[in-house]
Amino acid sequence: MFLWYIILMESGVERRDIRRLLGVSLGEAGAAEPVAGSAVGLFGGSFYPPHGGHIMVAGEGLARLGLDAVWLIPAFANPFKGDIDLPPVADRVREVRAMLPADGNLFALDWEGRVGVSRTYESVSLLKDALPGVKFVLFAGADILGEIHLWYRWRDLLGMVPLAVFDREPYTGRVMGGSDFIREFGEFRTEDSGEVVDLDPPVWTLVRQPLSDLSGSKLRR
């Protein structure tokens, strides 16, 4: 309860509005509210700009992890890209949405922009509290694991939601060879990606996939 108070005070949104704002975000995305027992992937990031690699990861995660939907959630802000002037989050949401297949279960949500949070721990905490019966799994590229120990309450985050790590060489080899993440959470890996969403955290899996050399930084050049 105290954590909820801190998050909502910082965002300026009242607790009773969280469920409503989530409903608005889902409605704008054309997504139905997931029922209890549904499995949903959470794919955050700057998405500046969105590209085919993002869509490939979302589609692979949907299929390989046996999910009902994947929510792509452009970040309200990104403290690790402070040197980049991010476009408004609503603009990035529209750009992601324009790239998604019309008949799939991939949806771009203006969630963080509406509730005014940008730290993954806070964003996931609010979603889990709003939809307690939904099984969430967090998506992350292997490149992110090299910096995840710098994230706000990263250990608590990994103790709250399963993690799906998507192969991205050469970062995968570097991270697996030795990192704060592997040193602290290596023992919690499951080789069966299809079961990760049903396991209690901390748990993570490595999802091997076709590799893409696309990146937002390259496309911004």
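The set of residues from segment 176-194 being out of contact with any strand residue (DSSP E or B) (no Cβ under 8 Å at 6 or more places or on another chain) and under 17 Å from LEU157 (Cβ atoms) comprises SER179, ASP180, PHE181, ILE182, ARG183, GLU184, GLY186. Is it true that some residue in segment 148-165 is at pLDDT below 90 and closer than 24 Å to ALA63 by Cα? Looking through segment 148-165, none of the residues is at pLDDT below 90 and closer than 24 Å to ALA63 by Cα. When the residues of segment 11-44 are filtered to those that are among the acidic types (Asp, Glu) and surrounded by 14 or more Cβ atoms within 10 Å (Cβ to Cβ), the one that is modelled with the lowest pLDDT is ASP17. Scanning segment 88-106 for residues that are among the hydrophobic types (A, V, I, L, M, F, W, C), under 25 Å from LEU65 (Cβ atoms) and either at pLDDT 95 or above or surrounded by 13 or more Cβ atoms within 10 Å (Cβ to Cβ) (or both) returns VAL93, VAL96, ALA98, MET99, LEU100, LEU106. So, of the residues in segment 107-126 that are at pLDDT 95 or above and in a loop (DSSP other than H, G, I, E, B), which turns out to be surrounded by the fewest Cβ atoms within 10 Å (Cβ to Cβ)? Going through the qualifying residues, I end up with ASP110. Residues that are in contact with a helix residue (DSSP H, G or I) (Cβ under 6 Å, 6 or more places away or on another chain), at pLDDT below 95 and not small (Gly, Ala, Ser) within segment 127-144 comprise just one, ASP143. Residue-level check: of (1) part of a loop (DSSP other than H, G, I, E, B); (2) in contact with a Gly (Cβ under 6 Å, 6 or more places away or on another chain), PHE139 misses just (1).
Checked against (1) in a helix (DSSP H, G or I); (2) buried (at least 19 other Cβ atoms within 10 Å of the Cβ); (3) over 14 Å from the mean Cα position of the chain (by Cα); (4) not β-branched (Val, Ile, Thr), GLY61 passes all but condition (3). Within segment 171-199, the set of residues being at pLDDT below 90, polar (S, T, N, Q) and either assigned to a helix (DSSP H, G or I) or surrounded by fewer than 14 Cβ atoms within 10 Å (Cβ to Cβ) (or both) comprises THR172 only.
The values are calculated or read from the model by the stated rules, or taken from the named source; none is laboratory data. This one's a predicted model, so the numbers in the text were calculated from it and none came from an experiment. Every residue, glycine among them, receives a Cβ derived from its backbone with ideal geometry; neighbour counts consider all protein chains shown.
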